[in-house]
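Asker: After the structure tokens below, expect a handful of questions from me.
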């Protein structure tokens with residue numbers, strides 16, 4: 001059974017993916033919500049409580065918890081809804097830490113292991129904000145732009161190897177994070193189940209075809 005490590009597993013898309021993939025994969029979950037981690041453990045997931053902003057030695061804990069994996073899904077993210085004037089240097093630091101630096105470090109640690117094992121997939125969960133700006137979310141947009149650029153580069157670096165590095169960028173989704181955005185009509189947001197189905201499909205592709213980047217948009221925007 002192949003193994004998958006999912007960050008942000010206790011909420012939103014990361015949680016939905018963990019629940020959908022367990023059984024077909026050995027699922028390793030990282031998250032902060034103790035109750036949800038316990039729930040994931042009860043259905044067969046391996047879980048580790050980790051706070052990327054507070055745990056100085058988080059990477060050592062993660063590598064001890066999960067030394068080697070077949071698939072890495074970077075789903076954890078911060079979504080500060082603040083305009084530029086209100087945004088602080090701490091907001092900037094925290095947002096780039098979770099949304100860009102954490103995926104970078106995890107890819108640095110796990111991609112060499114994947115190469116040694118002669119197979120592996122990385123899926124970076126981005127956002128429609130990776131392709132466009134949005135008022136009131138300058139930091140979030142900046143981090144998603146940054147991770148998109150990194151993912152594009154790594155796709156090219158590793159495309160001739162056994163490793164695929166993919167970005168999947170959904171529009172606003174019906175998640176707890178999505179619910180915090182009162183600027184839009186939540187009823188038009190993408191059903192998370194549909195995004196999960198697409199990611200499940202992408203994970204089953206063999207080496208004859210890879211996905212470099214995908215945008216998943218809402219049918220109706222208002």
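The values are calculated or read from the model by the stated rules, or taken from the named source; none is laboratory data. What you see is a predicted model; the values in this text were computed from it and never measured. Virtual Cβ from ideal backbone geometry, glycine too; neighbours counted across all protein chains shown.
Asker: Any idea which of 112, 103 is at pLDDT 95 or above, over 19 Å from the mean Cα position of the chain (by Cα) and within 23 Å of residue 3 (Cβ to Cβ)?
Answerer: 112
Asker: Suppose we filter 183, 159 for residues that are under 22 Å from residue 70 (Cβ atoms) and more than 14 Å from the chain's Cα centre (by Cα); which single one remains?
Answerer: Unique residue meeting the criteria: 159.
Asker: State all residues of segment 109-128 that are touching a helix residue (DSSP H, G or I) at 6+ places or on another chain (Cβ under 9 Å) and either in a strand (DSSP E or B) or surrounded by fewer than 23 Cβ atoms within 10 Å (Cβ to Cβ) (or both); if no residue qualifies, say none.
Answerer: Hits for segment 109-128 are 109, 111, 115, 120, 121, 122, 123, 124, 125, 128.
Asker: Please work out which one of (1) within 19 Å of residue 71 (Cβ to Cβ); (2) without any contact (Cβ under 8 Å) to a residue 60 or more places away in the chain; (3) surrounded by 14 or more Cβ atoms within 10 Å (Cβ to Cβ) is the condition residue 106 fails and give its number.
Answerer: So the condition that residue 106 fails would be (2).
Asker: Sticking with this structure for a sec: Inside segment 162-185, can you point out the residues that are over 16 Å from residue 127 (Cβ atoms) and free of Cβ contacts under 8 Å to residues at least 40 places away in the same chain?
Answerer: 182, 185
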